[in-house]
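> The following block contains the structure, expressed as structure tokens.
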Amino acid sequence: MSLIGVFDSGVGGLSILDEALRQLPQHDYIYLADSANAPYGEKSPDWIADRSLSLCKYLAQAGCDAIVVACNTATAEAIKDIRAAIPIPIVGVEPGIKPAAMQSANGIVGVLATEATLNSDKFNALLSTLPNHCQFIKQAGAGLVPLIEAGKANDGETLELLAKHLEPIQAAGSDTIVLGCTHYPFLRKAIRKLLGEKITLIDTSEAVVKQLKRQLETLALNQGDFADSDSSEYGAVHFFSSKDEQALLKMAQDLMHTDLKNHRISTAQLGSAL
């Protein structure tokens with residue numbers, strides 16, 4: 001079995017970890033939340049790139065066989081440098097604008113993401129490859145990440161702010177919304193409350209974990225490891241936080257569908273040297 005690092009600016013990547021534990025429960029995981037510095041979406045590209053690389057190097061040194069950069073902002077600003085510096089499989093995340101364009105009935109797609117993601121070269125290069133007939137309404141979700149980090153995903157304050165961010169998307173007639181930040185799947189209930197059940201919500205956690213699975217299978221073949229990848233055993237999950245590891249564990253228990261009691265759980269404070 002493999003040790004997989006999952007890195008995010010905070011609790012958003014728990015949406016990816018949740019899916020990973022559903023598809024690949026037999027592996028061991030380190031979930032690293034840089035909550036002391038969240039949100040990343042409002043920081044400079046250079047800061048995001050340097051910090052993301054530093055934390056991924058930490059995960060590699062901890063013995064990870066693969067790393068998921070479970071943060072859209074970090075992927076957009078740092079994935080190239082991370083892959084160049086760390087010789088293990090690195091899986092990133094990006095807004096699911098391509099599947100959204102394919103699924104939208106009227107060709108009007110809202111993209112809710114951080115300012116840094118929407119302004120990044122990587123996102124705009126991806127956007128330029130998509131058909132012209134599809135209209136993308138880009139909206140920065142400023143202020144949403146701190147509220148989710150504070151455990152307020154379904155509070156009235158969050159609902160009020162979310163409603164303001166969704167106004168231009170709704171006014172344009174979007175029938176599909178891309179959740180372009182790994183924190184935003186935790187707003188599904190709130191979005192449904194505001195926009196109803198008919199709106200299509202796109203997040204890429206399932207596709208990201210499928211890509212991780214492919215990378216692990218290739219790694220196992222290259223290493224001559226033919227162990228049963230469909231083993232029903234449950235691996236360990238280690239929660240590391242740069243702020244409060246017990247708060248991170250509580251958020252994981254509250255936000256994730258996975259029953260963490262099936263896994264061996266540990267927590268740790270991320271060293272101040274990082």
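The values are calculated or read from the model by the stated rules, or taken from the named source; none is laboratory data. These numbers were taken from a predicted model, which means no experiment stands behind them. Ideal geometry is used to build each Cβ from the backbone, glycine not excepted, and the neighbour counts take in all protein chains shown. Ligands, DNA and RNA are stripped out before the accessible areas are found, and what is left, the full protein with its side chains, is counted by its heavy atoms. Shrake-Rupley method; radii C 1.70, N 1.55, O 1.52, S 1.80 Å.
> Can you give me the number of residues within segment 42-64 that are outside any loop (DSSP other than H, G, I, E, B), under 20 Å from VAL91 (Cβ atoms) and open to solvent by 10 Å² or more (accessible area, probe 1.4 Å)?
Residues meeting the conditions: 8.
> Confirm whether ILE4 is touching a strand residue (DSSP E or B) at 6+ places or on another chain (Cβ under 9 Å) and within 23 Å of ASP254 (Cα to Cα).
When the stated conditions are applied, ILE4 passes them.
> Still on this structure: If you take the residues in segment 158-208 that are polar (S, T, N, Q) and touching a Pro at 6+ places or on another chain (Cβ under 8 Å), which one is farthest from TYR31 (Cα to Cα)?
Restricting to residues being polar (S, T, N, Q) and touching a Pro at 6+ places or on another chain (Cβ under 8 Å), the top hit is THR204.
> Going by the conditions given, is PRO39 open to solvent by 10 Å² or more (accessible area, probe 1.4 Å) and at pLDDT below 95?
Here the answer is yes, as PRO39 does meet what is asked.
> Does segment 64-80 hold any residues that are among the charged types (D, E, K, R) and under 18 Å from ASN119 (Cβ atoms), and which are they?
Correct list: GLU77, LYS80.
> In segment 156-205, which residues are without any contact (Cβ under 8 Å) to a residue 40 or more places away in the chain, in a loop (DSSP other than H, G, I, E, B), of a type outside the set (Gly, Ala, Ser) and out of contact with any Lys or Arg (no Cβ under 9 Å at 6 or more places or on another chain)?
Once the filter is applied, which keeps residues that are without any contact (Cβ under 8 Å) to a residue 40 or more places away in the chain, in a loop (DSSP other than H, G, I, E, B), of a type outside the set (Gly, Ala, Ser) and out of contact with any Lys or Arg (no Cβ under 9 Å at 6 or more places or on another chain), segment 156-205 yields GLU197, LYS198.
> Select from segment 21-34 the residues that are outside any loop (DSSP other than H, G, I, E, B) and open to solvent by less than 20 Å² (accessible area, probe 1.4 Å) and list them in ascending order.
Passing the criteria: LEU21, TYR29, ILE30, TYR31, LEU32, ALA33.
> Look through segment 1-20, keep the residues that are assigned to a helix (DSSP H, G or I), open to solvent by 10 Å² or more (accessible area, probe 1.4 Å) and of a type outside the set (S, T, N, Q), and return whichever of them is nearest to SER241 (Cα to Cα).
Result: ASP18.
> Next up: Can you report the number of residues in segment 164-213 which are farther than 17 Å from ALA105 by Cα, surrounded by fewer than 16 Cβ atoms within 10 Å (Cβ to Cβ) and either in contact with a Gly (Cβ under 6 Å, 6 or more places away or on another chain) or of a type in the set (Asp, Glu) (or both)?
Going through segment 164-213 one residue at a time, the tally reaches 2.
> Next question. Quick one: in segment 121-163, of everything that is farther than 21 Å from THR176 by Cβ and of a type in the set (S, T, N, Q), which residue is least open to solvent (accessible area, probe 1.4 Å)?
The residue in question is THR158.
> For segment 82-113, what are the residues that are part of a loop (DSSP other than H, G, I, E, B), touching a strand residue (DSSP E or B) at 6+ places or on another chain (Cβ under 9 Å) and farther than 18 Å from ASN132 by Cβ?
Within segment 82-113, ILE86, ILE88, PRO89, VAL93, GLU94, PRO95, GLY96 qualify.
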